[in-house]
Amino acid sequence: MIKSLSKSMLGLAVVLTACSQDVDVIAPVADSGNAGTGGATVTMALSRASAAEFAQAGIQKFSVYVYKVERRGTALFMEKEVDVADPKLSLEFPLGETYQTFAVANASSISDKEACETAMIHLDPRAESDVWLASPVRFATDKSVASVSLELRRVVSRVTFAAAENDTPEGQALLDSQSDFDRIDVTFRNVADSYLVSKLLAQPADLTVTTDASTRYGTTIYTFETRNADINGALYLNYMKGGAVVNTSSSDLDVNSVYAPGGAYTLKVPVTDINFVTTPWARSGISPLTVTVTDF
């Protein structure tokens, strides 16, 4: 039987900043200034809101990917790294075509980028990741379009596991004096280090991270937003001693929430409590599990 964290929470504080997915993508004009040239110039630029947020976050560059829309999908037309200090990219296109574009900042890599339908951005969950993405948008090169505004939004959440015992001196003493384990392998279920751009959809996966007394049995990871996947996060714990498993959490511990973009989630588990392990410890912990959420 799965034990839900929500059943044992005394306080759940959720403070999230709303992140709009609306994109101001096309600014029509009467004439793009290319009459008689046989082509159309389209300027792609960072939106004012994104530029302000990038300045605050210290982001210096972003990448733009442009695809030509063909009968059976899209094909990569151009990719370009753009400096935030000069965030305008003017491109010449053949007339009468349709294109699709998106932009990304701070991704650790992008795979399958040959088509917009398959492009996948990635992050390193163990590094301090802050990935931003502009949703894919289409535009036609018919001289009615002069510019495309790139509205990037943060698509990453921070998730911290912490031993609840650290909240009080009594709990700290209990944690320091225990001899039942010397390491905890924390498996974060339903987090995501890959994100399918065309569907704005995280690809859920499991990630195991090791923590011990040197970090007060706490650790932090990063994940793409999982709200579109509509799958709650969860934890599973393996207690280790001398390299061997000596105990486990009694079941998956349900976080009772999807991870929203820009959220900083703290998951506090009383790791010495008999109610959270398969085989009870000789002594019990002192506080229930709690989850708090702030912005980062």
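Filter segment 103-122 down to the residues that are over 24 Å from residue 52 (Cα atoms), touching a residue at least 24 places away in the same chain (Cβ under 8 Å) and open to solvent by 80 Å² or more (accessible area, probe 1.4 Å) and list them by number.
114, 117
For segment 252-268, check the following and say yes or no: at least one residue is out of contact with any Lys or Arg (no Cβ under 8 Å at 6 or more places or on another chain), of a type in the set (A, V, I, L, M, F, W, C), buried (at least 18 other Cβ atoms within 10 Å of the Cβ) and over 22 Å from residue 201 (Cβ atoms).
So far as segment 252-268 goes, yes, one or more of its residues are out of contact with any Lys or Arg (no Cβ under 8 Å at 6 or more places or on another chain), of a type in the set (A, V, I, L, M, F, W, C), buried (at least 18 other Cβ atoms within 10 Å of the Cβ) and over 22 Å from residue 201 (Cβ atoms).
This table checks each residue for (1) in contact (Cβ under 8 Å) with a residue 60 or more places away in the chain; (2) open to solvent by less than 40 Å² (accessible area, probe 1.4 Å).
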| position | (1), (2) |
| --- | --- |
| 171 | yes, yes |
| 180 | yes, no |
| 183 | no, no |
| 198 | yes, no |
| 203 | yes, no |
| 213 | no, no |
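Identify all residues within segment 44-102 that are part of a loop (DSSP other than H, G, I, E, B), in contact (Cβ under 8 Å) with a residue 12 or more places away in the chain, of a type outside the set (A, V, I, L, M) and closer than 20 Å to residue 121 by Cβ; write none if there are none.
Scanning segment 44-102 gives 47, 60, 87.
Please list, ordered by residue number, the strands (runs of 3 or more DSSP E) wholly in segment 227-296 having 2 or more residues that are within 18 Å of residue 166 (Cβ to Cβ) and at pLDDT below 90.
Fully inside segment 227-296 and qualifying: 290-295.
The values are calculated or read from the model by the stated rules, or taken from the named source; none is laboratory data. Here the structure is a predicted model, which is why all the values come from computation and not from measurement. Quick reminder, even Gly has a Cβ in these numbers, built from the backbone with ideal geometry, and neighbours come from all protein chains shown. In case anyone asks, the SASA skips ligands and DNA or RNA and just uses the protein heavy atoms, side chains included. Shrake-Rupley method; radii C 1.70, N 1.55, O 1.52, S 1.80 Å.
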